[in-house]
1. Any idea what angle helix B:512-532 forms with the longest principal axis of chain B, computed on alpha-carbon atoms, 0 to 90 degrees, nearest 10?
2. Per the Kirkwood treatment, what hydrodynamic radius in Å, one decimal, follows for segment B:2-232 from the mean inverse distance over all distinct Cα pairs?
3. Per residue of A:100-106, how many C-beta atoms from partner chains lie within 10 Å of its own C-beta, taken as a mean?
4. In Å, what Rg and Dmax follow from the Cα atoms of segment B:152-278?
5. Mind checking B:242-250 for the average number of partner chain beta-carbons within 10 Å of each residue's beta-carbon?
6. Taking Cα atoms of segment B:244-442, Rg/Rh with Kirkwood Rh, to two decimals?
7. Let me know the volume per residue of the alpha-carbon convex hull for segment A:23-166, in Å³.
8. Grab the eigenvalues of the alpha-carbon gyration tensor for segment A:177-261, scale each by 5, take roots, and send me the semi-axes largest first in whole angstrom.
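Derivation of every value follows stated rules applied to the coordinates shown; laboratory data play no part. Bear in mind the structure is a predicted one, so any value in this text is a computation, not a measurement. All Cβ positions, glycine included, derive from the backbone under ideal geometry; neighbour counts span all protein chains shown.
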């Protein structure tokens, strides 16, 4: 029986601000899971802290609202113990690029088969609008006392440097494209990173929905807004790595970095990079532990009905035995 | 003549094989039917700094070091300079005759304080500042000095074997020092040969080289010096199967048999040895015959064919280590992480999260000298209060402290059982002494080990759980505070977790009524534990219940205390010893009943402020009379315990006694 969107909703009151970009991401995740017909118990949504961290409570799947910055190690631990779970990690830009940046970088080099969704709004909303690591130098959003004194981290180029094998940028008001990106990210074999431009209507009065939509720059000829965001797939861009040889990788890396850096009047959104030529962490583990994929840690029976352990350590003890 | 009782010491620069030779010595003694206890002391350094290893040998089981060696085996100058003056009267020093003229100032790794003390000592005795001077001082103290021409013996062996390069192999001096000791002790050379074969298993060339140089040193010393040395080791016939192992191995073995299937870690001294051992042995042999339902042929064959394994995950930091272990535990694997103090600092937020979300996770905590980076490779029990109180707010945790390698093994199993039964973080407190000391034990008995996975629910019984409700409640309010849990992926068992206060489903709440009920539910588990866990897993009273004097301690000082009690008995001083194994929840009532019987109580701990004594006073109102503490980074020895007990029993000496022995 196909899942309905309502099957993925909970009755928890959603306390995000009206007009929050988070709603677009929430809808896109629920639509993706429904379209993929992933039953709620097969999915675990992990999150960090902040407004976006509340997202699991609104989704009717296993929902693990973790600590600030730590969403990835939680998600990776759960996935590696049971690779049959569909694991989605969600967190804000402060979570992923600030307090959890070390985890974000190190997750990239492992390539565990999870989908990491990062909400990028340039501010720490829940603590009243401080600058986040993705806010550009010199910008002064509403609640800052002066212009931002730090340079911004670019999530896309950092993801590229860290080794993510699927890198995309979405926009929370383009739910249709976002849903497709999330579906692809879940289906991707390896670590998928989706950075989502997601305006904070309360604290980021610069990178607003209107700004992304180009309401401030109308075509003199037609009088229509000229949106800053555009879908890259509509420009015939091919994100895939085909052979995986060094030349191809280098060229693609440059393209992705260049796309990632376009955050001004032309902001490409869509899938920038997809590389399935690199083995996942689970596959690497399976090379060492032949039973791993069949009986991963969470599925191993460790004892009999009376609690008797099944592991036989007598050979190890004999190695230490001196008689 | 002193038979089969010896304290032997070997030292040298780190990276030159000191550990291997000490383990060789210990293995050989164990193979010869004796019990050994070896303590390793080393700097936080890869190569060059001085390390030493003390191996105590006895005919009965022993658990602790003594302060002074009977026989010091050396092949470098620094070991002579640092340790010669501590050798017991009538003891011996084996040294390299080619190094007699090395001056104290030639040793760049001697600390200023050590150098100054030695120079003062030598000047007062009008001796030169060299190996010769030190040896002469020892000789005057009644210590026998045995010169060995290591270089000449190596050259001889090289020509016998037709291996001219061998004479450059200074690493061989390790084995020669062990063999020379055996010659002096007139111990059977064949046990050394079997220990060499065991140590270099499968490398026949290396075995032959070691045996040859070993024999040459053995013969040289035995012929020339043995008759004058009063300590002897003799083979003892025994049918008993024995293991010779370190605490980090014992803990890892306990984890393997106890069902641990995910271990996470970030490298740190002295904890990572355990993870290394697990990773080296991560593919498990499964014995399906152990299963009571082995009649289920299909299942049995499946298990046998697919085996088991432990996923050992090295993370980017300790924050990731604990949170990944928690993630794995949510999926259903028995999960643990191992660390030391600095790593535990980073784990605190994760542990609090596991506390509020009632996740079973085991933290194996190897204490070392603090604060901050402190003394990374030295011992201390300075983190009891930290383990007890770390984390914002209040949540239940179990803290278990092992006193020897055998307890490390069984407590590793207990830790997982408690974690899953009571759904909370368990801290298994170990320290550097236990981690890095090696001891002989009768083979561990595996027959009584049981795994208790606690209340895990799935499928058909899910709907009955929540009294009429159709949906599963992860944090259902219950009498004993324990709510049956589901594992991620269980159909019908969807739940939510959050570090925020939550309702029975796991959704965020700030409602004051639910808050109180949820706090009460979680904290109730401490009472449940207090009622359920057998007292013998929580404390042990060693010795005669009726003794007037009671020693109270925890963790690794157990060894020195037990050994000291034996020695004191011989001097007609009788004390008993209350060993606290479960630090939290503390078995207060039993502690009160033991301590209120004692006329005098003495706490012994390796920290500055007598942390356990403080915790006992807080929990029971009983103030322990005397505190014996040690915080110089070196382990407590049997004789230090003996001396302090005698002082305190006979003279009612000060309230606080600080132990300072150790180099």
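1. Roughly 50 degrees, rounded to the nearest 10.
2. The Cα-based Kirkwood calculation yields 17.7 Å.
3. 3
4. Spelled out, the Cα radius of gyration and Dmax of segment B:152-278 are 19.2, 56 Å.
5. The shielding value for this peptide is 3.
6. 0.98
7. With only Cα atoms used, segment A:23-166 gives 103 Å³ per residue.
8. Taking √(5λ) for each eigenvalue gives 30, 17, 12 Å, largest first.
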